[in-house]
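Heads up, the thing below is written out as structure tokens.
Values in this text are rule-based calculations from the coordinates and carry no lab data. These numbers come from a predicted model, not from an experiment. FYI the Cβ positions are ideal-geometry reconstructions off the backbone, even for glycines, and counts take in every protein chain you see.
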Amino acid sequence: QVQLVESGGGLVQPGGSLKLSCAASGHIYSTNAMGWGRQAPGKPRELVATITSRGTTNYADSVKGRFTIARDNAKNTVYLQMNSLKPEDTAVYYCNADIYAWAGDRAYNYWGQGTQVTVSS
């Protein structure tokens, strides 16, 4: 079955950088838009960045100029390069993708298990 697995989370000091990766696997016919969301305790999940299959990107205002999303279609992988990290960026980061599985009748939205990012001194 289709699954998304994130990696790269951890503890980083303010102003530091971190790169997250998310690989999609399974019986995938095609992967459409991919993205990253995050959720901090007591706060709703928010969309951080998205990227279409052709590379068009979109970012939340809070991360513009600091985060960069990219993808490698050959690897079914999406990345999130996070620079100039702030304590407010602390959250569980989730990979998201619209994937059309071979057994599916249309694309469905999938989420990964999440990876913790903590920005603290």
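Quick notes
- Highest-MSF residue in the chain out of Ala60, Ala74, Ala23 [GNM, Cα springs under 10 Å]: Ala74
- Modelled FRET efficiency - R0 35 Å, Val5 with Asp61, Cβ distances, 0.05 increments: 0.80
- 3J(HN,Hα) along segment 26-39: x, 8, 9, 7, 7, 10, 8, 5, 10, x, 10, x, 9, 9 Hz, from the Karplus curve 6.51 cos²θ - 1.76 cosθ + 1.60 with θ = phi - 60°, whole Hz, x for Gly and Pro.
- Tail weight of P(r) past 25 Å, computed on alpha-carbon pairs of the chain, percent: 20
- Count Lys and Arg as plus one, Asp and Glu as minus one, and take only other residues whose Cβ is under 13 Å from that of Glu6; the net charge is then +2.
- Percentage relative contact order, the chain, counting C-alpha pairs under 8 Å, at least six apart: 37
- Rg to Rh, two decimals, where segment 69-121 supplies the alpha carbon set and Rh follows Kirkwood: 1.09
- Local electrostatic count, Asn83, Cβ distance below 14 Å [Lys/Arg +1, Asp/Glu -1]: +3
- Close Lys pairs in the chain, defined as Cα atoms under 21 Å apart and 8 or more places apart or on different chains, number 6.
- Distance from segment 1-69 to segment 88-114 (C-alpha centre basis), Å: 10
- Three principal axis lengths of segment 44-97 [C-alpha, angstrom, descending]: 34, 21, 15
- Local electrostatic count, Gly37, Cβ distance below 9 Å [Lys/Arg +1, Asp/Glu -1]: +1
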